[in-house]
Amino acid sequence: QLQLVESGGGLVQPGGSLRLSCAASRIAFSGYTMGWYRQAPGKQRELVAAITSNDVTNYKDSVKGRFTITRDNAKNTVYLQMNSLNPEDTAVYYCNAKWAVLNYWGKGTQVTVSS
């Protein structure tokens, strides 16, 4: 069982930045495709960014140029650097790990963008 623990969420003003972290509890971390999803109230969960085991990344169109996903396999951690945040980015952000049929989720961290 892979456990994922997110951190780094909080309240930030529009235009501000946050860095989310997701720590995984397994030494096979490097083989997983890691992703960040978010879910706003009344909306479906959506993919924000993902990074494969070969460091190939993809992003939701609305965050391209503002968000950056990276991973540190030595620390079993994936990061989401979020810049130029706006109120539409407000959501619970979830870390996800996928490998073949394996699919794991963290419990989420709240990000609120408000003045």
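The values are calculated or read from the model by the stated rules, or taken from the named source; none is laboratory data. All values derive from a computational prediction rather than experimental measurement. Cβ coordinates were reconstructed from backbone atoms using ideal geometry, including for glycine residues, and neighbour counts include every protein chain displayed. The area values use the complete protein model at the heavy-atom level, side chains included, leaving out ligands, DNA and RNA. Shrake-Rupley method; radii C 1.70, N 1.55, O 1.52, S 1.80 Å.
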The correct count of residues that are within 13 Å of ARG71 (Cα to Cα), open to solvent by less than 30 Å² (accessible area, probe 1.4 Å), part of a strand (DSSP E or B) and touching a residue at least 60 places away in the same chain (Cβ under 8 Å) in segment 1-35 is 5
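When segment 95-105 is examined, which residues are found to be surrounded by fewer than 22 Cβ atoms within 10 Å (Cβ to Cβ) and touching a residue at least 60 places away in the same chain (Cβ under 8 Å)? Even if it seems obvious, please write down each step before you answer.
Filtering segment 95-105 down to residues surrounded by fewer than 22 Cβ atoms within 10 Å (Cβ to Cβ) leaves 96, 98-105.
Listed by number, the residues that qualify are ASN96, LYS98, TRP99, LEU102, TYR104, TRP105.
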Do you know which residues across segment 40-54 are surrounded by fewer than 17 Cβ atoms within 10 Å (Cβ to Cβ) and either hydroxyl-bearing (Ser, Thr, Tyr) or closer than 21 Å to ASN103 by Cα (or both)?
GLN44, ARG45, GLU46, LEU47, THR52, SER53, ASN54
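Quick check: is even one residue across segment 55-77 small (Gly, Ala, Ser), at pLDDT below 95 and surrounded by fewer than 19 Cβ atoms within 10 Å (Cβ to Cβ)? First the steps, then the outcome.
Restricting attention to segment 55-77, the residues satisfying the condition of being small (Gly, Ala, Ser) are 62, 65, 74.
Add one more test, that the residue is at pLDDT below 95, and what stays is 74.
Restricting the remaining residues to those that are surrounded by fewer than 19 Cβ atoms within 10 Å (Cβ to Cβ) gives 74.
Taking every residue of segment 55-77 in turn, at least one turns out to be small (Gly, Ala, Ser), at pLDDT below 95 and surrounded by fewer than 19 Cβ atoms within 10 Å (Cβ to Cβ).
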